[in-house]
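Here the structure comes first, spelled out in structure tokens, and everything after it is commentary.
No value in this document is a laboratory result; all are computed from the given coordinates. Bear in mind that the values here come from a model prediction, so they are computed numbers and not experimental data. Ideal geometry is used to build each Cβ from the backbone, glycine not excepted, and the neighbour counts take in all protein chains shown.
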Amino acid sequence: MILQGRLGVWVAMGVALAGCTSSPPPPPVLADIGARCLAGLDQRSIRYDRMADFTTPEGCGVSQAVRIKQSALAWNRPALMSCSLAATIWEFETRVVQPAAQRHFGQAARKLSHAGSYSCRGEIGGRAERISQHGYGRAIDVTGFELADGTVISVLRDWRGKGEKSAFLLDVAKGACTIFNLVLTPNHNAEHHDHLHLDIGPNKMCGV
């Protein structure tokens, strides 16, 4: 009877210890995260094609890859990027670009022009051996905007001006810093003289 009592205690202790050392619940499945992101694009009426995720021998690649054809604004051309970047650009267009266009010009913006998103390359103006966020589809280079009346605003031509176009671009760049992790402008270095680099990578900088 004593032996059976001791065995019962040991069994109870083992069950308690097993409960204390159980593994935490697994993180959300990446597929579920991707599905939620794509659903968010659908809710925002973003026009896109779902693309196959991929990696390259150089270490580049895009997860949750999408080819965006139109966001809150029309785009000058489609762009391959991660779903999370696409969602962030939509927020930028609606929360930053459109209010700035109304403040400076009293009208809406209708088009965003860019020089590309995904590109497997090293950092420009940084460590060449380190892959740029473009190499993961987490960055876009914005070159300008077009207003509802057809007025064109160019980073190359208007960033260093003194008129309303220059003020608008500066306003947009400052607003981008509240949405993207890293923003680089012509003020940062000569390599960015004609575009705003916007990315959602791990580094944080507001290079306005």
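The distance between label points at Lys174 and Asp49 comes to 4.0 nm (points 7 Å beyond Cα on the Cα→Cβ vector). Within the straight-line cut-off of under 16 Å between alpha carbons, the lysines reachable from Lys174 are Lys165, Lys204, sequence neighbours fewer than 8 places apart in one chain being disregarded. For the residue pair Gln102 and Lys204, what label-to-label distance in nm results when each label sits 7 Å from Cα along the Cα-to-beta-carbon direction? Spacing of the two 7 Å Cα→Cβ label points: 2.9 nm.
For trypsin sites (Lys or Arg not before Pro), the sites in the range 141-183 that DSSP calls loop and that have at most 10 other Cβ atoms within 10 Å are Lys162. For the range 127-193 versus the range 32-53, the inter-centroid distance based on Cα atoms is 25 Å. Computed about the Cα centre, the dipole magnitude for the range 49-198 is approximately 160 debye when only Lys and Arg (+1) and Asp and Glu (-1) carry charge, each at its Cβ. Starting from the amide H of Phe54, placed 1.01 Å from N in the peptide plane, find each other amide H under 5 Å away whose residue is 5 or more places distant or on another chain. Those lying under 5 Å, H to H, from Phe54 are Val62. Label point 7 Å out from Asp194 along Cα-to-Cβ: which residues of the range 150-167 have amide N under 16 Å? It comes to 153-160, nothing else.
Given in Å, the Rg to one decimal and the Dmax to the nearest whole number for the Cα atoms of the range 62-208 are 14.2, 45.
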